[in-house]
Each structure stands twice: as C-alpha cells, then as structure tokens.
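Structure record follows, encoded as structure tokens.
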Amino acid sequence: MDWKEVLRRRLATPNTCPNKKKSEQELKDEEMDLFTKYYSEWKGGRKNTNEFYKTIPRFYYRLPAEDEVLLQKLREESRAVFLQRKSRELLDNEELQNLWFLLDKHQTPPMIGEEAMINYENFLKVGEKAGAKCKQFFTAKVFAKLLHTDSYGRISIMQFFNYVMRKVWLHQTRIGLSLYDVAGQGYLRESDLENYILELIPTLPQLDGLEKSFYSFYVCTAVRKFFFFLDPLRTGKIKIQDILACSFLDDLLELRDEELSKESQETNWFSAPSALRVYGQYLNLDKDHNGMLSKEELSRYGTATMTNVFLDRVFQECLTYDGEMAIQELMKIHGQDPVSFQDVKDEIFDMVKPKDPLKISLQDLINSNQGDTVTTILIDLNGFWTYENREALVANDSENSADLDDT
C-alpha cells in the first residue's frame, strides 16, 4: 500500500477516545511523526543496504614507535618509493629541450620586439605533442594566468617556459628536502636542515674556498637564518612548504653560479665572504674565547649603543615592559636629557597608525612600512639620535650641497 494512502486513512480515523480531543498542535506533531516514519521506510527501501556510509572512515594513522623497527623500515621504504615515483614524473633536461623546440616551432606571429608569442590554439597543439608529463602545464588556467595585454590574445613563450622551469625546480627541491624529512610529516627539524645544507656545500662552487673545519660554523650560520625567520614560535621545526615559499633557498642555491659577482656575494647571507665576516665579528666579541657570548660581550657589538632592554630581549626572548625605556639611562650616561617615554610612544603610534590604538602588532609594523625606523629607535641610541635630529641633519645636508654648488 502506498504510504500516502496509509497516512490519509490514519488521519481520517476517528479518535478512539471521545472524551479526549487532541489539540491542533498535537495533530500536527502526530502527522509529522507519521510522515517521517513512512518517508524513512520508503527512502530506506530504495537505498543500498550497504551500511558503510554510516561509519566514519579512518583518517589518523599513528607513527611507528621507536621499538617498532619493522614498521619504521616499511615506512621509510614506502616514502623512498613514493619520492622516486614523483621524481620520475618530472621533466628531465632532454624533455625540457624538446618542449622548447615545440614552443618555438608553433610560435604565433607577429613577434613583439624579440619576444616570441603563442596563441591558445597552438598552445593546445604543443600540449598534445609534448607528452603526458607536460599535460599539467597546458591548461586554460595556466594560459590565462600568463595572459596580459596582448591584443592578439597570446602569451610569451619565454614566460611560459620559465613558468614550467620554475615549477619543475620547485618539485625537484621539494623532493630533495623531503629526503631529509625523517619524521615524514612535511617539516624539517634543525638537525635535518643541517644535514641538507652540509651535503649541499660540495655542489656550490662559490663555497669551494671554505675549509672543511669551517663547515660546522657555516652550516650553523645558514640554518639560523631559516629558523629565525620561519620559526618565530621556536617550535624547532619548519614546514618544507615555507622553505620553498621564501627566498632564502634561492639565495643559497644562487651560489651554484660560478660567475657570481662580488657585489652579489656581499649581499648574499649564505656566501663565503658573508659567513667569514660574521665569524670574524663573532670572534672579536668573544673576549674569553669560550665559544659563547655573554650579555656584556654582545653589548660591544657595532658601536656599543644597544640598549639593555634590547639585550635582555635577545637573551630572554619574552620580556614585559614596565613603562620605562632603558634608553633613558644610556642618554644620561652620554650627557643628554632623558626623553619622556610617553612622547616616544606617542610618536611611534603616530608613525605606525595601528588598528588597535592601545597596541602595535607585527602586521601593523609591516603595513606601516616604518618597521625599520621603529626598531632602530627602540634598540639603538645612535638610531634614536639620528631620528630625533633628522630635520637638522637634512638642513645640514642642504647647506653642504649649496656650498658645493657655489664653489
């Protein structure tokens, strides 16, 4: 019998208890209960009897314990096979050369200066001939991403090829870094990154002049930059994705260029001159030669004008301010009148213009483009003095320029 007919009959049946008349709300509730019952039976009869959909699939797999040697070996071998398979899916040099040949063959005139262009039709033709590995690059999304202001609706062949090269490089580097991911969780610990950089040194021609005895300090210098910027919460690990997204790895791998200029080496933190310069500064500060810097030794860095507050911050990391700046004591020592903390605070807030008028966040400093100025004011006496006297310094520079013009 149809469930609608059953429901109709049930509602038409008179109340068996004449003395008790149901309210309108009770009748509606009863009607809804019956509807839900018969509808569920009807729907359940049409569904597959498989009960799998009622269970939550397993989504967590615990890591093997240290004493589970067999499981650990199985996991390591599985990851190695997986990374090898991913590596084989990447374009090799021969395939990249073939791709460039096909792109050049199917370019769409006219050229823009010396820039070869290609339209979407030829773009798809190249994708069909380039092979299965290249299929992921020949999509409408990629073409639209590289399409700019060409009146013929074309993209630059060079830009597209550079895009492919960059993607291949990122995947190669991701696989290379993953080999050092002992935990297999997508991040590198400090020891993992140290091993990666240590084994990378022989492949960087710009580091050929480093003595092997200096390797340990170089590795420490390089790793510290990664962890200082990419691990602000000091968790002891960095996501591989974050390493790829930042420019530090590009700077490090730039040392593969045998013809890298001296100017580029001077500005590259990972270059041999930069590492030796840092090492020399470290040795000059380490007066007792115990391999560590005390707060007093670090205070002599540069022009020895770093504030005690800043030094405490370096050694303690978390420091609560009591409403007074240590820079006042240094200014007294230098024979200057102390500056009101309230005045400095107000000026900094005016510069930064934070969202919350009661505090300044890191994002506020970044958005204001005044982070370097604020930091210099707070940690360095010379920086504070330069900022306080900026108008006088500009006036002096103008007068000096005028004097030079007169001569």
Sole residue being surrounded by 14 or more Cβ atoms within 10 Å (Cβ to Cβ) and modelled with pLDDT under 80, chosen from Gln336, Gln328: Gln328
Is there any pair with a first residue in the stretch 59-76 that is open to solvent by 80 Å² or more (accessible area, probe 1.4 Å) and a second that is assigned to a helix (DSSP H, G or I) and of a type in the set (Ser, Thr, Tyr) whose Cβ atoms are under 9 Å apart and which are 6 or more apart or on different chains, and what are they? none
Please work out which residue is surrounded by the most Cβ atoms within 10 Å (Cβ to Cβ), limiting yourself to the stretch 111-123 and to residues that are modelled with pLDDT under 90 and in a loop (DSSP other than H, G, I, E, B). Met111
Hey, can you tell me all the residues within the stretch 124-148 that are surrounded by 14 or more Cβ atoms within 10 Å (Cβ to Cβ), of a type outside the set (A, V, I, L, M, F, W, C) and within 33 Å of the chain's Cα centre (by Cα)? Gly127, Lys133
What's the total number of residues in the stretch 124-141 that are in contact with a helix residue (DSSP H, G or I) (Cβ under 7 Å, 6 or more places away or on another chain) and part of a helix (DSSP H, G or I)? 8
Going through the stretch 23-64 one residue at a time, which ones are at pLDDT 80 or above and in contact with a Phe, Trp or Tyr (Cβ under 6 Å, 6 or more places away or on another chain)? Tyr38
Ile175: passes all of (1) at pLDDT 90 or above; (2) outside any helix (DSSP H, G or I); (3) open to solvent by less than 30 Å² (accessible area, probe 1.4 Å) but (2)
Residues to consider are Arg234, Arg256, Arg224; find the one that is free of Cβ contacts under 8 Å to residues at least 12 places away in the same chain and not hydrophobic (A, V, I, L, M, F, W, C). Arg224
Residues being under 20 Å from Tyr180 (Cα atoms) and not charged (D, E, K, R) - total across the stretch 195-216: 11
Matching entry among Asp67, Asp92, Asp104 (being farther than 30 Å from Lys135 by Cα and modelled with pLDDT of 85 or more): Asp67
For the stretch 269-292, how many residues are without any contact (Cβ under 8 Å) to a residue 24 or more places away in the chain and over 17 Å from Ser216 (Cβ atoms)? 7
Checking Ile175 against (1) in contact with a Phe, Trp or Tyr (Cβ under 9 Å, 6 or more places away or on another chain); (2) under 24 Å from Ile243 (Cβ atoms); (3) not aromatic (Phe, Trp, Tyr), which test does it fail? (1)
Wholly within the stretch 189-286, helices (runs of 4 or more DSSP H) carrying at least 3 residues that are surrounded by 15 or more Cβ atoms within 10 Å (Cβ to Cβ): 190-200, 215-230, 240-245, 248-253, 272-285
What pairs come up if the first residue lies in the stretch 297-314 and is touching a residue at least 60 places away in the same chain (Cβ under 8 Å), the second is of a type in the set (Val, Ile, Thr) and buried (at least 16 other Cβ atoms within 10 Å of the Cβ), and their beta carbons are under 7 Å apart, counting only those six or more places apart or on different chains? Met306/Ile379; Thr307/Ile327; Thr307/Ile379; Phe310/Ile379
State whether one or more residues within the stretch 344-355 are at pLDDT 80 or above, open to solvent by less than 50 Å² (accessible area, probe 1.4 Å) and not in a helix (DSSP H, G or I). yes
From the list Leu96, Leu170, Leu91, exactly one residue is open to solvent by less than 20 Å² (accessible area, probe 1.4 Å), touching a residue at least 12 places away in the same chain (Cβ under 8 Å), part of a helix (DSSP H, G or I) and among the aliphatic types (A, V, I, L, M). Which is it? Leu96
Is the stretch 149-157 home to any residue that is open to solvent by 50 Å² or more (accessible area, probe 1.4 Å), assigned to a helix (DSSP H, G or I) and not acidic (Asp, Glu)? no
Going by the structure shown, is Ser261 more than 21 Å from Val219 (Cβ to Cβ), at pLDDT below 80 and not β-branched (Val, Ile, Thr)? no
May I ask you to say which residue of Val309, Val314 is within 29 Å of Leu285 (Cα to Cα), hydrophobic (A, V, I, L, M, F, W, C), in contact with a Phe, Trp or Tyr (Cβ under 8 Å, 6 or more places away or on another chain) and modelled with pLDDT of 50 or more? Val309
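The values are calculated or read from the model by the stated rules, or taken from the named source; none is laboratory data. Computed from a predicted model, the values in this text were never measured in an experiment. Virtual Cβ from ideal backbone geometry, glycine too; neighbours counted across all protein chains shown. Ligands, DNA and RNA are excluded from the accessible area calculation, which covers all protein heavy atoms including side chains. Shrake-Rupley method; radii C 1.70, N 1.55, O 1.52, S 1.80 Å.
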